[in-house]
Amino acid sequence: MLLDRAIARAPDPHLEVAPAKIGLTGLDSYFWSSDRPRPIIVTAIAGSTVVTAEAYPRQYEWDFGDGSTTTSTNAGRRWTPRRRGSIAHLYETSGRYSTSVHLIWGARWRMGTSAWQPLGYFETSDTRRYPVKEVIAWLVPPR
């Protein structure tokens with residue numbers, strides 16, 4: 001089946017986070033997928049009949065592991081020291097969180113040049129553990 005071939009070719013997103021090693025409560029952590037998938041097109045030919053199936057990225061569902069989620073239509077912008085990322089989350093308590101991104105793919109098919117017909121949706125995903133520590137500032141009088 002063409003849909004099965006498209007699903008088999010769909011890459012998993014690659015979840016990235018900054019700061020990379022450890023997050024801090026009260027400061028934003030930034031998330032993105034380093035892989036930017038392209039639409040997947042598969043074709044089957046039987047005699048003069050051509051059937052095409054296409055799968056394309058629809059949306060990203062971000063789970064920060066603390067009960068908070070968000071959805072975007074893109075893979076997020078990479079954080080750099082000069083430019084913030086576009087998917088930010090602020091942790092309020094320390095812990096070891098299971099964070100994930102789910103890439104939702106839309107699929108459709110057509111025979112020859114006929115109108116596209118929906119095939120449904122499927123997902124690929126990536127998960128990583130993300131430790132977050134609490135930092136408490138103490139004001140100390142000068143000596």
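Please list 3J(HN,Hα) in residue order for the range 46-52, calculated via the Karplus relation 6.51 cos²θ - 1.76 cosθ + 1.60 where θ = phi - 60°; whole Hz, with x for glycine and proline.
So the Karplus estimates, Gly and Pro as x, are 10, x, 9, 9, 10, 10, 10 Hz.
What accessible surface, in Å², does a 1.4 Å probe find on Val50, ignoring ligands, DNA and RNA and rounding to the nearest 10?
Rounded to the nearest 10, the figure is 50 Å².
Do the sum for the chain: with -39,500 (n - 2.57) for every DSSP H run of n ≥ 4, divided by all residues, what is the mean residue ellipticity at 222 nm, to the nearest 500 deg cm²/dmol?
-1500 deg cm²/dmol
Could you do me a favour and compute the accessible area per residue for the range 55-143, 1.4 Å probe, result in Å²?
In whole numbers, the range 55-143 has 69 Å² accessible per residue.
Mind grabbing the base-10 log of I(q)/I(0) for the chain at q = 0.14, 0.21, 0.22 Å⁻¹? Debye formula, identical points on the C-alpha positions, no solvent, two decimal places.
Rounded to two decimals, the profile gives -0.72, -1.17, -1.24.
Check each of the chymotrypsin sites (Phe, Trp or Tyr not before Pro) in the range 81-143 and keep only those in coil by DSSP with at most 14 other C-beta atoms within 10 angstrom; list them in order.
Passing both the DSSP loop test and the Cβ count: Trp116, Trp138.
With a ≥ b ≥ c taken as the square roots of the eigenvalues of the C-alpha gyration tensor of the range 93-134, please select rounded if a/c is under 1.5 and otherwise prolate if a/b is larger than b/c or oblate if it is not?
prolate
Please tell me the relative contact order of the range 23-128 in percent, rounded to the nearest whole number, where contacts are Cα pairs under 8 Å and at least six residues apart.
So the answer I get is 31 percent.
Round to the nearest 0.05 the FRET efficiency obtained for Arg36 and Lys133 when R0 = 41 Å and r is the Cβ-Cβ distance.
Efficiency at R0 = 41 Å is approximately 0.85.
Add +1 for every Lys or Arg and -1 for every Asp or Glu among the other residues with Cβ under 13 Å from the Cβ of Lys133, and state the total.
Neighbourhood net charge equals 0.
Which distance in nm do the two modelled labels at Phe122 and Ser48 give, with both placed 7 Å along the Cα-to-Cβ direction?
Inter-label distance under the simple model: 3.2 nm.
Using a cut-off of 9 Å between beta-carbons, work out the net charge of the residues near Gln117 (Lys and Arg +1, Asp and Glu -1, Gln117 not included).
+2
Provide the net charge surrounding Arg83, with neighbours chosen by a C-beta distance below 14 Å and charges set as Lys +1, Arg +1, Asp -1, Glu -1.
Overall, the nearby charge balance is +3.
Could you work out how far apart the two model spin labels at Tyr56 and Arg9 are, taking each label as a point 7 Å from the Cα in the direction of the beta carbon, and quote it in nm?
In this crude spin-label approximation the distance works out to 1.5 nm.
Ignoring ligands, DNA and RNA, please state the percent of accessible area on the range 1-107 from carbon and sulfur, probe 1.4 Å.
After summing per-atom areas, the C and S share lands at 49 percent.
Measuring from a point 7 Å past the Cα of Thr73 along Cα-to-C-beta, which residues in the range 1-41 have an amide N at less than 17 Å?
The answer is 37-39, whose backbone nitrogens lie closer than 17 Å to the label point.
What FRET efficiency, computed as 1/(1 + (r/R0)^6) with R0 = 35 Å and r the Cβ-Cβ distance, is obtained for Ser98 and Val140, rounded to the nearest 0.05?
Working from the Cβ atoms, E equals 0.45.
The values are calculated or read from the model by the stated rules, or taken from the named source; none is laboratory data. What you see is a predicted model; the values in this text were computed from it and never measured. Quick reminder, even Gly has a Cβ in these numbers, built from the backbone with ideal geometry, and neighbours come from all protein chains shown. The area values use the complete protein model at the heavy-atom level, side chains included, leaving out ligands, DNA and RNA. Shrake-Rupley method; radii C 1.70, N 1.55, O 1.52, S 1.80 Å.
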